[in-house]
Amino acid sequence: MPGALLAGGATAAFLASSLFTQAAPIAPSTIIAPPDKIVIEVATVNGSGCPIGTAAVAVSPDNTAFTVTYSQYLAQVGAGSKPTDFRKNCQLNLIVHVPSGFTYAIASADYRGYAHLENGASATQKASYYFQGSPDTATRTHPFNGPYDNDWEATDSTDWGQLVWAPCGVQRNFNINTELRANAGTSDPKTNSFIAMDSTDGNIQTIYHLAWKQCPDQQR
């Protein structure tokens, strides 16, 4: 999803999604689930990796995660590529409607895609997270080196005690800025290397796992 990704109180709840098998942050024993579902609206989607109509957001039925689906997110270098194709990015500005009396944090994020990297080439996947108006930005980068020709997965996770919570009683949009970058390095310039958060036979989903807690004035 990073350092202090999203810093938190004592009474909290984290219901881990079973979509992936990677270890997730461990919550306190007291589990409090929000009584109503959350609704996430996409305020803006900007970037070369997510042209209009190519990114969609959905919330899991149990309110523990949301997914972002991309259909045209690919960075490439070498044969057949344009000079600007080596870097693609996408910034999502999300309006998160949280059930009354609750706040949330992003506990972890799972990214998936496919990469083909020739010998000598490399690639990186990068993500940054921050609330609107907050000076705190968490960033995590995952490198990949050629030769490589396979699916890839990357997980950003945060220890429970270091979660940064959305302010209670204030609507603050949540921003996620992701980036894919391909580097030809010493690879043969007649070849092509790429990294994608999409696939030829469907879409790749990025899953963001939520942590929950009651706002202080709602705790008993």
accessible surface per residue for region 75-150, probe 1.4 Å, DNA/RNA/ligands not counted, whole Å² -> 43 Å²
Amide H contacts under 5 Å for Ser108, restricted to residues at least 5 apart in sequence or on another chain and with H modeled in the peptide plane, are His209
Derived scalar couplings ³J(HN,Hα) [region 62-72; Karplus, 6.51 cos²θ - 1.76 cosθ + 1.60; whole Hz; x for Gly, Pro]: 8, 6, 9, 7, 9, 10, 10, 10, 10, 10, 9
Give the lysines reachable from Lys88 as a straight Cα distance under 17 Å; neighbours fewer than 8 places away on the same chain don't count. Lys126
By a straight-distance test (C-alpha under 14 Å), which aspartates and glutamates pair with Lys213 as possible cross-link partners, with residues fewer than eight away in the same chain excluded? Asp36
Beta carbons within 10 angstrom, averaged per residue: use that to sort the peptides 166-178, 116-128, highest first. 116-128, 166-178
Rank by packing, highest mean first: peptides 98-111, 72-85, 140-153, with packing defined as the count of other Cβ atoms within 10 Å averaged across residues. 98-111, 72-85, 140-153
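The values are calculated or read from the model by the stated rules, or taken from the named source; none is laboratory data. Please read all numbers here as calculations on a predicted model, not as lab measurements. Ideal geometry is used to build each Cβ from the backbone, glycine not excepted, and the neighbour counts take in all protein chains shown. Note: areas computed on protein heavy atoms with side chains; ligands, DNA, RNA excluded. Shrake-Rupley method; radii C 1.70, N 1.55, O 1.52, S 1.80 Å.
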